[in-house]
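A.B. asks: Questions regarding the structure given below will be posed in turn.
Just so you know, all these numbers are worked out from the coordinates, no wet-lab data involved. Not measured: the values here are computed from a predicted model. Here the Cβ positions follow ideal geometry from the backbone for every residue, glycine too, while neighbour counts run over all protein chains shown.
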Amino acid sequence: MVPIVSQRENPTISSSPAGNGPHQSGPGPTLVDRAYDYLLTMLMSVEIAPGERIAIDTIARQLGISQTPVREALSQLEAERLVFKTTNVGYRASPQMTREEVRDLYTLRQLIEPYAAARAAELMTDESIALLQAIDRDMSDVVDGDARAYSRFAEADAALHRLIATGSGNRLIADTIERLHAHLHIFRALYRTNAPNEAAAEHRRIIDALVAHDAAAAEQAVRAHLERSQQRMDAALAIA
Ligand SMILES: [Zn+2]
């Protein structure tokens, strides 16, 4: 695979503190955050290709840090199923989803998420609306950005869909959606596409419906978004 961003400046070392993902703690990003951010960006932009081996010592050297935070970042990514560990080789990037896996994933999401969105719209609290607006801001900040912005967009997408799932008030639904870890996998497959720009408009409709407590509109907006997202995946896998 030919990475389209290989000439880009090093995303972690070159940019300012940033790192506004879910892994930030305290005043600035920790070494684990930095390693996570760096690896996530490489995985999402397929500079580390699906199935490729990830050498811990090389990553540590690239970042100028020790191997311990790199290992910790990798175990976070393993929990998100973006990498997996093998006995002799160490870590590898997870393989790309198959068409069958994609189809099954969207079938399940279509059964659950529109319903969850309708319930979430009814139950929206001021606190969740504030969270939604923060996610909305994050998403508009990262559209049209570089590889690092792209991986942040995927995380914002995960945050939005998680908020809908937990906002439904149904713990089983929230757990089921969380366990899929769908978003990072989907966005990894869509790296060479216009997905963030298209998804941004779809997300805006979802957010507007949730803020307006409009259950029917939220349900419809999520259904339409998942349909379009599945079509984007189908198109991407047809080229791959
Ligand atoms: Zn989405």
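A.B. asks: Given R₀ = 25 Å, what would the calculated FRET efficiency be for GLU198 paired with LEU108, taking r from the Cβ atoms and rounding to 0.05?
C.D. replies: Details: r = 22 Å, r/R0 = 0.88.
The formula returns an efficiency of 0.70 here.
A.B. asks: Treating the beta-carbon of each Lys and Arg as +1 and of each Asp and Glu as -1, no other charges, what is the dipole magnitude of the range 42-194 about its Cα centre, to the nearest 20 debye?
C.D. replies: Numbers: 18 positive and 22 negative charges, 111 e Å.
I would put it at about 540 debye.
A.B. asks: Using only the Cα atoms of the range 22-93, what do you get for the radius of gyration and for Dmax, in Å?
C.D. replies: Radius of gyration, then largest Cα-Cα span, for the range 22-93: 11.5, 38 Å.
A.B. asks: If eta is 1.567 mPa s and T is 4 °C, what Stokes-Einstein diffusion coefficient results for the range 99-239, Kirkwood Rh from Cα pairs, in µm²/s? The partial results should precede the final answer.
C.D. replies: Values: Rh = 14.9 Å.
Translational D for this selection: 87 µm²/s.
A.B. asks: Another one. Where q = 0.18, 0.24, 0.28 Å⁻¹, what log10 of I(q)/I(0) comes from the Debye formula for the range 196-240, counting one point per Cα?
C.D. replies: So the normalised log intensities are -0.53, -0.77, -0.92.
A.B. asks: Same structure, new question: Taking all pairs of different Cα atoms in the chain, averaging 1/r and flipping that mean, what Kirkwood radius in angstroms comes out? Show your work: numbers first, answer last.
C.D. replies: Values: mean 1/r = 0.0542 Å⁻¹.
When all Cα pairs of the chain are included, the Kirkwood radius is 18.4 Å.
A.B. asks: Taking the convex hull of the alpha carbon atoms in the range 56-119, what volume per residue do you get, in Å³?
C.D. replies: Working: hull volume 8.6 nm³, N = 64.
Hull volume normalised by residue count: 134 Å³.
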